[in-house]
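Novice: Pasting a structure here, questions to come.
Derivation of every value follows stated rules applied to the coordinates shown; laboratory data play no part. Computed from a predicted structure; not experimentally measured. Neighbour counts run over all protein chains shown; Cβ positions are idealised from the backbone, glycine included.
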Amino acid sequence: MLQQLYPVIRSSLQDILHETYPSFGCERILSINERTTVTEDDHHASPVDAMHGASYFEITVGLCKGSGEKIELRFKNDTPTAQYYLDLFHVR
């Protein structure tokens with residue numbers, strides 16, 4: 001899973017840290033949560049993709065930098081193409 005997320009992890013770190021070649025280590029998946037876009041019972045959407053009532057995933061990845069910083073990145077794939085994108089991040 002981390003290998004599949006590597007391109008979006010790298011590009012997200014480039015944007016967050018303003019580094020062309022961000023270095024990081026100790027990657028690990030902290031959580032994987034399945035979500036649904038439609039939660040109301042009275043809403044009848046066609047479950048074609050995540051935009052129309054289907055399931056999608058939120059994946060939280062933890063990383064560390066050589067400087068001791070710890071970074072958490074949360075990715076979602078609730079788009080029609082199901083590609084993961086950065087939803088939220090924390091730098092500690």
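Novice: What order, most packed first, do the peptides 26-33, 77-84 have when packing is the mean number of other Cβ atoms within 10 Å of each residue?
Specialist: 77-84, 26-33
Novice: So, one more: Tell me the label-point distance for the pair Lys70, Gln14, using the 7 Å Cα-to-Cβ offset, in nm and rounded to one decimal.
Specialist: 2.8 nm
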